[in-house]
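Everything below concerns the one structure shown next.
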Amino acid sequence: MRKWLVIHYRGGNMGETAARARYLGTIFALLLAAVPLSSGQAQDTDEIGASITIRAEDLPKPYETPVEALGPNRVSSNKEGELNLPPGFRVNAFRKDLTHARWLYTLENGDILLAEPRGQKITLLRDADGDGEAEIERLLVSGLDTPHGMAVIGDGLYIGERMQLSRVPFKVGDLEVTGEVEHVTKPGTFGDGGGHWTRILLHDPAENVLYIAIGSRSNIGVEALPRATIQKYYLDDGRMETFASGLRNPVGMDFNPDTGALYTVVNERDGYGDGLVPDYLTEVKEGGFYGWPYAYSGQIPDPDYGDKAPDMVAKSLLPDVLFQAHSASLGLAFYTGDMFPEEYRGDAFVTFQGSWNASVPTGYKIVRVPFENGRPIGSYQNFATGFRIEAEKPGAANVWGRPIGITMAADGSLLISDAVSQTVWRISYGE
């Protein structure tokens with residue numbers, strides 16, 4: 001049976017007629033020349049303006065294509081810092097020459113916190129003169145265990161370390177921390193620390209709780225909680241409970257600005273071929289089970305674990321938006337600013353770190369997930385590409401950058417951390 005990766009163009013949101021004609025012409029030419037691909041061979045596209053829809057019913061069977069480890073080549077290039085963007089957008093370096101640019105957090109005064117796990121530190125970046133570049137860089141906290149998630153609550157900075165939640169005294173506006181780091185939870189609260197090590201934090205002030213995303217230890221397997229879950233930590237009394245499970249590696253989290261619902265992006269399992277298993281964005285339902293390890297993309301049984309727990313397969317929820325398998329979706333930020341055109345408000349932006357387990361490399365870009373009436377429409381659009389160069393060449397991807405974290409700055413621009421060039425990039429509109 002022949003299946004297609006559905007790619008279409010939603011011209012109304014991208015603006016200029018000439019650009020629309022160029023995009024449509026390119027896609028039309030590709031369709032004219034196309035040979036139908038088997039479902040396991042569906043290819044991604046870097047064309048700005050292309051919108052991609054992946055449906056669970058169109059997915060290939062496991063192992064329809066060979067399983068191949070094909071990590072990217074990190075290269076220096078004169079293309080560094082050049083991104084393909086929709087008309088009217090531009091990119092500049094917000095801060096360069098960082099140690100390990102991974103996760104970003106915007107403070108109320110506009111300062112930016114950057115988690116640098118390999119440096120075991122949190123760095124503060126400040127654009128004091130408002131020119132779109134951070135001229136001030138300060139070491140805020142050091143000696144941490146692979147820090148990632150951050151949340152400022154009251155007079156403290158909470159940090160998601162690999163095995164525990166920590167806190168250090170801090171007030172917005174400070175350029176240094178003088179107090180000691182304290183462990184809020186016991187070491188081992190988040191598991192033994194092996195496997196997926198990012199611990200993302202999201203504060204809900206209404207309940208005074210922290211949502212904590214904790215990935216699995218393995219690619220596939222039955223693991224004890226809290227692995228492969230989003231936990232809910234009550235700051236008032238220190239209780240922690242499972243909010244949702246079956247999430248292999250949830251990373252970015254954010255609240256939908258229209259509905260208040262919690263959303264996350266998830267890295268799914270590898271090893272089943274090019275077309276499996278799709279990463280995804282989804283609203284996270286309290287008590288929801290999202291499949292891992294027994295099912296994927298709704299109630300599709302895992303070939304190795306599906307028959308071990310058919311009741312879990314039957315309760316597995318279908319995510320809202322499926323992404324091309326192996327894209328490695330990491331960062332998530334809803335757009336609530338005023339800088340971008342009005343049609344972007346309420347949409348989500350997601351970073352794709354890029355593949356290591358696909359014979360045809362995919363990812364290495366930033367996508368926009370359109371929302372209508374507070375819900376995702378089911379597809380996603382290419383927003384920023386170009387981290388990968390010479391994309392037409394077969395074999396491993398050549399990349400000068402891999403987008404990781406994403407946050408909206410105080411002026412409405414987007415900041416993206418890049419752990420290859422060790423730069424925080426800034427995407428703005430109309431400047």
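Taking Val141 and the conditions (1) in contact (Cβ under 8 Å) with a residue 24 or more places away in the chain; (2) closer than 21 Å to Leu414 by Cα, which numbered condition does it fall short on, given that it satisfies the others?
With (1) in contact (Cβ under 8 Å) with a residue 24 or more places away in the chain; (2) closer than 21 Å to Leu414 by Cα applied to Val141, the lone miss is (2).
Check segment 383-390 and report whether any residue there is hydroxyl-bearing (Ser, Thr, Tyr), surrounded by fewer than 24 Cβ atoms within 10 Å (Cβ to Cβ) and in a loop (DSSP other than H, G, I, E, B).
No, segment 383-390 contains no residue that is hydroxyl-bearing (Ser, Thr, Tyr), surrounded by fewer than 24 Cβ atoms within 10 Å (Cβ to Cβ) and in a loop (DSSP other than H, G, I, E, B).
Quick check: anything in segment 280-294 of a type in the set (S, T, N, Q) and farther than 24 Å from Gly149 by Cα?
Looking through segment 280-294, none of the residues is of a type in the set (S, T, N, Q) and farther than 24 Å from Gly149 by Cα.
Please work out which one of (1) of a type outside the set (S, T, N, Q); (2) assigned to a loop (DSSP other than H, G, I, E, B); (3) touching a Ser or Thr at 6+ places or on another chain (Cβ under 9 Å); (4) in contact (Cβ under 8 Å) with a residue 40 or more places away in the chain is the condition Gly221 fails and give its number.
Every listed condition holds for Gly221 apart from (3).
Listed residues Tyr364, Tyr294, Tyr290; which is closer than 24 Å to Ala409 by Cα, of a type in the set (Ser, Thr, Tyr) and in contact (Cβ under 8 Å) with a residue 12 or more places away in the chain?
After ruling out the rest, the residue left standing is Tyr364.
Would a scan of segment 296-307 turn up a residue that is under 24 Å from Thr198 (Cα atoms), buried (at least 24 other Cβ atoms within 10 Å of the Cβ) and modelled with pLDDT under 95?
For segment 296-307, residues under 24 Å from Thr198 (Cα atoms), buried (at least 24 other Cβ atoms within 10 Å of the Cβ) and modelled with pLDDT under 95: absent.
Is it true that Arg90 is among the charged types (D, E, K, R) and assigned to a strand (DSSP E or B)?
Considered against the rule, which asks whether it is among the charged types (D, E, K, R) and assigned to a strand (DSSP E or B), Arg90 comes out as yes.
If the requirement is being over 16 Å from Ala391 (Cα atoms), among the polar types (S, T, N, Q) and modelled with pLDDT under 95, which of these qualifies: Gln41, Gln120?
Criteria check complete, one pass: Gln41.
If the Cβ limit is 8 Å and pairs must be 6+ apart or interchain, which residue in segment 410-431 that is without any contact (Cβ under 8 Å) to a residue 40 or more places away in the chain pairs with which residue that is β-branched (Val, Ile, Thr) and buried (at least 22 other Cβ atoms within 10 Å of the Cβ)?
Here the result reads none, with nothing in segment 410-431 linked to a residue that is β-branched (Val, Ile, Thr) and buried (at least 22 other Cβ atoms within 10 Å of the Cβ).
Matching residues to (1) outside any loop (DSSP other than H, G, I, E, B); (2) buried (at least 16 other Cβ atoms within 10 Å of the Cβ):
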site	(1), (2)
Gly132	no, yes
Leu140	yes, yes
Val168	yes, yes
Gly191	no, yes
Gly194	no, no
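Which one is surrounded by the fewest Cβ atoms within 10 Å (Cβ to Cβ), of the residues in segment 224-257 that are in a loop (DSSP other than H, G, I, E, B) and of a type in the set (A, V, I, L, M, F, W, C)?
Ala224
Which count do you get for residues in segment 54-101 that are farther than 22 Å from Ser413 by Cα, at pLDDT below 95 and among the small types (Gly, Ala, Ser)?
4
Residues checked against (1) within 18 Å of Gly273 (Cβ to Cβ); (2) in contact with a Phe, Trp or Tyr (Cβ under 6 Å, 6 or more places away or on another chain); (3) not β-branched (Val, Ile, Thr):
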| position | (1), (2), (3) |
| --- | --- |
| Tyr296 | yes, no, yes |
| Met312 | no, yes, yes |
| Pro341 | no, no, yes |
| Lys365 | no, yes, yes |
| Val369 | no, yes, no |
| Gly378 | no, no, yes |
| Lys393 | no, no, yes |
| Asn398 | no, no, yes |
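Just one of Ser327, Ser359, Ser316, Ser379 is within 26 Å of Thr242 (Cβ to Cβ) and either out of contact with any helix residue (DSSP H, G or I) (no Cβ under 6 Å at 6 or more places or on another chain) or touching a residue at least 60 places away in the same chain (Cβ under 8 Å) (or both); which is it?
So the residue among Ser327, Ser359, Ser316, Ser379 that is within 26 Å of Thr242 (Cβ to Cβ) and either out of contact with any helix residue (DSSP H, G or I) (no Cβ under 6 Å at 6 or more places or on another chain) or touching a residue at least 60 places away in the same chain (Cβ under 8 Å) (or both) is Ser316.
Looking at Val152 and the list (1) under 22 Å from the mean Cα position of the chain (by Cα); (2) in a strand (DSSP E or B); (3) crowded, with 21+ Cβ neighbours inside 10 Å; (4) of a type in the set (A, V, I, L, M), which single condition is not satisfied?
(3) is the only condition that Val152 fails.
Tell me which of these Ile406 doesn't satisfy, since it passes every other one: (1) part of a loop (DSSP other than H, G, I, E, B); (2) crowded, with 19+ Cβ neighbours inside 10 Å.
(1)
Scan (1) modelled with pLDDT of 95 or more; (2) within 18 Å of Val266 (Cβ to Cβ) for the single condition Ala358 breaks and write down its number.
Failing condition for Ala358: (1).
Considering only residues that are buried (at least 24 other Cβ atoms within 10 Å of the Cβ) and over 23 Å from Glu68 (Cα atoms), look in segment 266-293 and name the one that is nearest to the chain's Cα centre (by Cα).
Restricting to residues being buried (at least 24 other Cβ atoms within 10 Å of the Cβ) and over 23 Å from Glu68 (Cα atoms), the top hit is Tyr290.
For segment 249-276, which residues satisfy the criterion of being under 24 Å from Gly363 (Cβ atoms) and among the acidic types (Asp, Glu)?
Asp254, Glu268, Asp270, Asp274
Assuming Asn109 fulfils every condition listed in (1) in a loop (DSSP other than H, G, I, E, B); (2) surrounded by 19 or more Cβ atoms within 10 Å (Cβ to Cβ); (3) of a type in the set (S, T, N, Q) apart from one, which condition is it?
Going through the list (1) in a loop (DSSP other than H, G, I, E, B); (2) surrounded by 19 or more Cβ atoms within 10 Å (Cβ to Cβ); (3) of a type in the set (S, T, N, Q), Asn109 breaks only (2).
Testing Leu175 on (1) over 22 Å from Arg227 (Cα atoms); (2) over 21 Å from the mean Cα position of the chain (by Cα); (3) surrounded by 15 or more Cβ atoms within 10 Å (Cβ to Cβ), one condition comes back false. Which one is that?
(3)
The values are calculated or read from the model by the stated rules, or taken from the named source; none is laboratory data. The structure presented is a predicted model; accordingly, all values stated were derived computationally and were not measured. All Cβ positions, even for glycine, are placed from backbone atoms using ideal geometry, and neighbour counts span all protein chains on display.
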